[in-house]
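Some notes on the structure that comes next.
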């Protein structure tokens with residue numbers, strides 16, 4: 001399970017290749033790109049996945065397990081409800097509460113992305129977990145926890161986590177794409 005995950009988004013589309021290239025070898029990429037029409041999204045996925053795999057990255061598709069398998073992704077990313085069915089493959093499930101952590105367990109999650117830890121441009125004004133609530137919730141999953149939401153290297157150090165994911169925190173030109181151990 002990679003420790004560092006880049007989440008794709010329309011905002012970072014122009015810098016996605018550069019961001020993937022700067023990730024440490026063996027990182028992860030969650031390909032979302034919901035803004036693209038289906039044929040363009042799939043073509044963009046193929047190009048980015050090829051580049052990511054050359055660097056030893058794990059590539060996960062935001063979508064159902066069936067879609068992820070059809071697109072030859074290593075896994076699927078989404079809510080527990082969306083990933084509850086389908087045959088075995090890597091499942092990254094987004095959670096925001098103890099109830100959702102329980103749903104993730106029942107959906108056979110391989111890891112959970114617990115969010116939003118801090119304020120984020122993806123969801124301006126959304127209520128955040130903060131350090132204390134994040135740590136309390138992170139005790140419950142029986143699978144690896146990946147911190148998401150306002151994350152960058154400094155935030156990972158502040159939380160004392162080794163697994164984290166980001167959009168801006170890994171894609172901006174000034175972002176340093178290293179895990180907490182660097």
Filtering the range 1-21 down to residues that are within 24 Å of residue 114 (Cα to Cα) and either in a helix (DSSP H, G or I) or over 17 Å from the mean Cα position of the chain (by Cα) (or both) yields 10, 11, 12, 13, 16, 19, 20
Might you check whether a residue that is over 25 Å from residue 161 (Cβ atoms) and touching a residue at least 40 places away in the same chain (Cβ under 8 Å) occurs anywhere in the range 87-108? no
Selection from the range 121-170 of residues in contact (Cβ under 8 Å) with a residue 40 or more places away in the chain and more than 18 Å from residue 77 (Cα to Cα) yields 121, 137, 140, 159, 162, 168, 170
Checked against (1) surrounded by 15 or more Cβ atoms within 10 Å (Cβ to Cβ); (2) at pLDDT 95 or above, residue 64 satisfies every condition except (2)
Selection from the range 27-45 of residues within 18 Å of the chain's Cα centre (by Cα) and either on the phi > 0 side of the Ramachandran plot or at pLDDT below 95 (or both) yields 33, 34, 35
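The values are calculated or read from the model by the stated rules, or taken from the named source; none is laboratory data. Fair warning: this is a prediction, and the values are worked out from it, not measured in the lab. In this analysis, Cβ positions are derived from the backbone assuming ideal geometry, glycine residues included, and neighbour counts consider all displayed protein chains.
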